[in-house]
6 protein chains.
Amino acid sequence: MRPNDRAADQVRPIKITRNYTAYAEGSVLVEFGNTKVLCNATIEENVPRWLKGQGKGWVTAEYGMLPRATHTRTRREAASGKQGGRTMEIQRLIARSLRAVVDLKAMGEIMITVDCDVIQADGGTRTASISGASVAMADAFQSLIESGKLKKNPMKGHVSAVSVGLLGKDVLCDLEYVEDSAADTDMNVVMTEDGKMIEVQGTAEGEPFSHEELMALLESASKGISEITAAQKAALAE
Amino acid sequence: MRPNDRAADQVRPIKITRNYTAYAEGSVLVEFGNTKVLCNATIEENVPRWLKGQGKGWVTAEYGMLPRATHTRTRREAASGKQGGRTMEIQRLIARSLRAVVDLKAMGEIMITVDCDVIQADGGTRTASISGASVAMADAFQSLIESGKLKKNPMKGHVSAVSVGLLGKDVLCDLEYVEDSAADTDMNVVMTEDGKMIEVQGTAEGEPFSHEELMALLESASKGISEITAAQKAALAE
Amino acid sequence: MRPNDRAADQVRPIKITRNYTAYAEGSVLVEFGNTKVLCNATIEENVPRWLKGQGKGWVTAEYGMLPRATHTRTRREAASGKQGGRTMEIQRLIARSLRAVVDLKAMGEIMITVDCDVIQADGGTRTASISGASVAMADAFQSLIESGKLKKNPMKGHVSAVSVGLLGKDVLCDLEYVEDSAADTDMNVVMTEDGKMIEVQGTAEGEPFSHEELMALLESASKGISEITAAQKAALAE
Amino acid sequence: MRPNDRAADQVRPIKITRNYTAYAEGSVLVEFGNTKVLCNATIEENVPRWLKGQGKGWVTAEYGMLPRATHTRTRREAASGKQGGRTMEIQRLIARSLRAVVDLKAMGEIMITVDCDVIQADGGTRTASISGASVAMADAFQSLIESGKLKKNPMKGHVSAVSVGLLGKDVLCDLEYVEDSAADTDMNVVMTEDGKMIEVQGTAEGEPFSHEELMALLESASKGISEITAAQKAALAE
Amino acid sequence: MRPNDRAADQVRPIKITRNYTAYAEGSVLVEFGNTKVLCNATIEENVPRWLKGQGKGWVTAEYGMLPRATHTRTRREAASGKQGGRTMEIQRLIARSLRAVVDLKAMGEIMITVDCDVIQADGGTRTASISGASVAMADAFQSLIESGKLKKNPMKGHVSAVSVGLLGKDVLCDLEYVEDSAADTDMNVVMTEDGKMIEVQGTAEGEPFSHEELMALLESASKGISEITAAQKAALAE
Amino acid sequence: MRPNDRAADQVRPIKITRNYTAYAEGSVLVEFGNTKVLCNATIEENVPRWLKGQGKGWVTAEYGMLPRATHTRTRREAASGKQGGRTMEIQRLIARSLRAVVDLKAMGEIMITVDCDVIQADGGTRTASISGASVAMADAFQSLIESGKLKKNPMKGHVSAVSVGLLGKDVLCDLEYVEDSAADTDMNVVMTEDGKMIEVQGTAEGEPFSHEELMALLESASKGISEITAAQKAALAE
């Protein structure tokens, strides 16, 4: 049995709070159970140098964890003088996922940076980040429309993500930390709201996985994604 | 007139939420108006190398700002590869202030690190940090007592801090961002709960200040501190 | 038609040269067409600090590209003062892939580091690195057996990797640089010699991909992997 | 009794040597007893980027200690790859203090950098630095007047600084190293030549201090400052 | 007797392979016995900022060693976050040596960077680097002539380098690693093809050396250089 | 004619001031004309890790330039976050030169670090550093003898250094900055007091140099060295 009597294919309670902080153009606190990530979207009318003059926009992301988001304290990356490999990997994934649902050419020379800062970490921080960042980005684009800087929203739809895993024979959806540590295979799936795949990253931590197991993981992810997408839409409808 | 019709000697509404996150031994969200700082205290049974074997404890602090805590985005220090001078100055101040109210010899070889991370910044982040960190540290010591690792609390009392400033002829207490930017003199005062001074840092940003002005600033700070101390005690009484 | 009249499911000519340099315990130059990576395995009788005293071994990897492995010169990471996100991501992937086929408990407190340095880059450097590193690691374990430090080889089998991609409607195996740049979806697949999956990383660079496309990509990868595995075995049989 | 039979309110012998090195536009060796700091002012016709085009100038400062300025060798900051928190705190203080006595708008787009390098450290290096830097800056402005680049001196007066402290019940002025280490409270006071305050930084190292003690410290500082100001004027009159 | 029955004044077998990699404008693998260095020359139509607008070109070099070029693994400089002193010293030497045989004014505003990466290190990597880089640079200039960007080759001749050393009473030419470690004096000599000196760097590792010994070392170097020059010319004639 | 009517083979006025600062075990200000370097020798009873337990000592050196030692301000290396290639090259040369005259086995497990900090730079800072550091090191060893930690001085003699150069046809000894900038060839020579060579580093900045020119440079250096050695001995005799 999973913690809190969760069914194998059940995602944790999802809570998406918009306008969580006052200054960002999009500010979302996303909660997947005990995992809490603050996603702040910033608009800058200035693209990276290599993109200047092409009339296109850019979307990027940064990721961080507060030192005590975790059970024991993690060293502050600013103090150690560099971002670790895990941080870089995650922020690159978030940024790619967001760009996959944006028509960069329709943005004009504007850059959106979404900062995903983990307040509390109980597994699935990267997938929660993507799911929350999509909403924060939507709010940022809306503010550009309201201020007359954009005519229409360049987002092609929402993007959301979930982790799934194999624990022994069981396929579990939306792993929390204790499950994630014990899983043989851990897979992060990023999808569009119409169920197409943007990113699939499956890793065998213990035994390699078979084709059939991969299929089962994807099916579980697909179901989880549809619940997350619904939560995103509900939050934006408020 | 001050924003929100505040009186010159009035501090902003103070809110202190304990157990804000789940894993830290002390976790406090402190709010001074729109300034919000998360103060997480971590206990480690391990002192810095230079202190080992002396039977004494240590208290330290780190400070950070989320990139979009501010009106425009600030570059992430982890990405730029170092903590700036302002960050270092503030975290050294927080740490000294906390140590001033702790009997390090009575702690045993334990280290407490308080991470102060600014979620939203509207002036006075360092003074809010000190005021919140004192409560988080108290909770951490309480957990050591409850687990039987300490017999009595090594804190000699609370420490709190407030900023005061001169705006033209006016002495203002607990400056928010727009006031802080305009002030001629800005002073941070750190005090014990019985009104003695731990740290006084006054800086003339515009005109130098006179002895009389310094006296008026200290008087205003002293009144503000007593309100903050009351809020700390109320929070811990819950 | 693909460059050099390759069929869609055909891998490039693979060449695996063992003992390429003189000092490493395993030294392999792996070539996938014009992509050339030198994989040097080093044995150290010393595990990372966090693993000491557990009687287990460790396998890790580092990845680098010579500045002019690419069409235009890439800045030397040693000169810029840090390894980029792409480098970190790749070396973490190589290391995980290698560990997936090793029984760490059977190694004793020994560490193997495989350095994968790209001499020439024409797409697929990470998959070539994994495929070559597996052979270099095998040679390193063999040297431990020959010197009497290990009784039996702790490798459970070979690991190899290939990239596959969607270019329009076509599923292509083992992408070279011009194909990789143009592909809508790029997927790296790491497998054991008996066809189980260790790592699957698919990314939509353009349009999101469907479940059917994912299936087709995996099928193509599986066929490519079997050819690479054969090349690894042939090389080790020499 | 203090070392060298100093009275409690007596500053150490002050020596200010102008034109100490040959190339800087202002070069001052300032000595407060055994504390020796070389203050070199550099003129550059180039302001920081964020100030360009506003017709205003800028004054900044950097601080360093030779590795063996101290009783035991301190690690060279250039070798450890970053400036420590104490260094940053001090150089920010020096720079603010200097700017407080300069009319930046009257400078034109010129930047003055004062490098304060401690040759020998026996307490009070930051206050000696400020006191010496004021003279070096005055010489640099004079050279701009002589070369016709400025019509009149934009300095509003001199700035000087002194440390005062509480050792038990005693208020001591201009602490040397052994006194500083033992003091309960240490306060640095920066003043204009007409006795107004630019910066007041008091820190309780041991017991918190009372309002009365603060008053006594300020009075002692004020007397010390007047002697330092006199030394600055005498040096510039030569 | 030297390893492989080499005579005291005999250089190791030299092999210079041009077009070793596919993309660099000049790509040379140079081998001095077991020492193997890949020298890749890159052309960029862009000079360093301080040289812009003067109509002159620039030649620079970078040096690196693959971690397992050596008998035991050397830490990767990209991972440790900086280039060591030895690396910097060597790349500055290579760059100076190359510039000494180029008429920078005749190049136009073009920059050539030669990357010397050591694949296998058995002593004399810096001298092999210089000798190989000269050929790679020659090929790069030739490509500029062929593409019509230069009318004539701005090289005044070849540059080559050799190490010589004193081992007891013996003067040895082109030291390999075991000899280099044991030598009392080690000297690197860089010469033009007509026997003039560009750089002489002699270091007493054990006993200081006399004027007569210096003369003997230079004579041996001069003979070695003539053989290396011949090998360079033969390679370019192919 | 040279500046100040110096003859071609004449060194600048040399001044060696011992006990220049108060805390270092050896503290020497060395002046070669306008070049002034402070050389502070520190004794630590602690050798580098790789040398521990061998009963041998170590001598090392660090080099730095105050930002305004030069005609225009040089960026502070502590602020830029790393030591440049020139700094590393020089401090490695100073350290090798000092070790060449010390019997490390006779030192016991003691380390001497000589910090050479350039107060004013007018050419020849590395050669002045070596010449001054030799005296500072001698004083440090003397203090070890006086404190009973060493029985006899492990120095085999003094080491000194001079720069010589070719300016057109002229061989000049002890170049000052304007000469150094204009020289075709610049050579630094480090010698023992009995005229044997420790290090010879000759570099053609313009035209390559011939064997005859090298001979003339060495002869001039040899004469200069004897004068510097005399100044060292005179200083130590005081």
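The values are calculated or read from the model by the stated rules, or taken from the named source; none is laboratory data. Because the structure is predicted, anything quoted here is derived from the model rather than measured. Please note: Cβ atoms are built from the backbone with ideal geometry, for glycine as well, and neighbour counts cover all protein chains shown. Keep in mind that these areas ignore ligands, DNA and RNA; they rest on the heavy atoms of the full protein, side chains included. Shrake-Rupley method; radii C 1.70, N 1.55, O 1.52, S 1.80 Å.
Points worth noting:
- Choice from C:Thr185, C:Thr203, C:Thr113 with maximal GNM fluctuation in chain C (Cα, 10 Å cutoff): C:Thr203
- Electrostatic dipole magnitude of region E:1-92 [Cβ: Lys, Arg +1; Asp, Glu -1; Cα centre; debye, to 20]: 340 debye
- Considering only chain B, percent of DSSP beta bridges that pair antiparallel, nearest 5: 85 percent
- Helical mean residue ellipticity (222 nm; -39500 (n - 2.57) per DSSP H run of 4+; nearest 500) of chain F: -10000 deg cm²/dmol
- Highest mobility in the GNM of chain D, judged by mean-square fluctuation with C-alpha springs under 10 Å and restricted to D:Met88, D:Met155, D:Met197, is found for D:Met88.
- 12 Å beta-carbon shell around C:Arg68, net charge (K/R +1, D/E -1): -2
- Check: region E:114-177 dipole with +1 on Lys, Arg Cβ and -1 on Asp, Glu Cβ, in debye: 500 debye
- Peptide D:80-87 is shielded by partner chain Cβ atoms: per residue, an average of 6 of them sit within 10 Å of its Cβ.
- Selection from E:Met155, E:Val135, E:Gly84, by position along the positive dipole direction of region E:71-207 (Cβ): E:Met155
- Chain E packed on chain F takes about 2600 Å² of accessible surface away from a 1.4 Å probe, both sides summed.
- Inter-chain Cβ neighbour average for residues F:95-105, partner chain, 10 Å: 1
- Exceeding the 20 Å Cα-Cα cut-off - candidates E:Lys223/F:Lys223; A:Lys149/B:Lys36; E:Lys105/E:Lys233; B:Lys15/B:Lys233; B:Lys196/D:Lys169: E:Lys223/F:Lys223; A:Lys149/B:Lys36; E:Lys105/E:Lys233
- This model, with +1 at the C-beta of Lys and Arg and -1 at the C-beta of Asp and Glu, gives the protein assembly as shown a dipole about its Cα centre of some 0 debye.
- For the protein assembly as shown, the equivalent ellipsoid derived from the alpha-carbon gyration tensor has semi-axes of 50, 50, 30 Å in decreasing order.
- Candidates A:Arg76, A:Arg96, A:Arg49: whichever shows maximal mean-square fluctuation once chain A is modelled as a Gaussian network with Cα springs under 10 Å: A:Arg49
- Here's the picture: charge each Lys and Arg Cβ at +1 and each Asp and Glu Cβ at -1 in chain F, and of F:Leu217, F:Ile198, F:Pro3 the one pushed furthest to the positive end of that dipole is F:Ile198.
- With a cut-off of 10 Å between beta carbons, the residues surrounding C:Ala106 carry a summed charge of +4, where Lys and Arg count +1 and Asp and Glu -1.
- Carbon and sulfur %, accessible surface of the protein assembly as shown computed with the full protein complex present, 1.4 Å: 48 percent
- DSSP assigns beta bridges within region B:39-145; of those with both partners inside it, close to 45 percent run antiparallel.
- For region C:172-189, 3J(HN,Hα) per residue [Karplus equation, 6.51 cos²θ - 1.76 cosθ + 1.60, θ = phi - 60°, Hz, x = Gly/Pro]: 10, 9, 6, 5, 9, 3, 5, 6, 4, 5, 9, 5, 7, 10, 10, 9, 9, 10
- At R0 = 51 Å, FRET efficiency that the Cβ-Cβ distance of F:Glu109 and E:Met1 yields, to 0.05: 0.85
- Along the axis of the charge dipole computed for region A:25-85 (Cβ charges of +1 for Lys and Arg, -1 for Asp and Glu, origin at the Cα centre), the listed residues A:Ala69, A:Gly57, A:Val30 are led at the positive end by A:Ala69.
- Label-point distances for F:Met215 to the equivalent site in the other copies, using a point 7 angstrom along Cα→C-beta, read 0.8, 8.8, 8.8, 8.8, 8.9 nm when ranked shortest first.
- Taking the centroid of alpha carbons for each part, region B:157-228 and region A:221-238 are 49 Å apart.
- Protection-proxy order for peptides D:98-106, B:1-9, each taking the mean of Cβ atoms within 10 Å per residue, highest first: D:98-106, B:1-9
- Modelled label positions at E:Ser226 and C:Ala8, each set 7 Å beyond Cα in the direction of Cβ, lie 6.6 nm from each other.
- DSSP-defined beta bridges in the protein assembly as shown - what % are antiparallel, rounded to 5: 85 percent
- Residue-count net charge about D:Asn46 - beta-carbon cut-off 12 Å; Lys, Arg +1, Asp, Glu -1: 0
- Peptides D:122-128, C:167-173, E:138-144, ordered by how many other C-beta atoms sit within 10 Å of their residues on average, highest first, read D:122-128, E:138-144, C:167-173.
- Peptide A:112-123 is shielded by partner chain Cβ atoms: per residue, an average of 3 of them sit within 10 Å of its Cβ.
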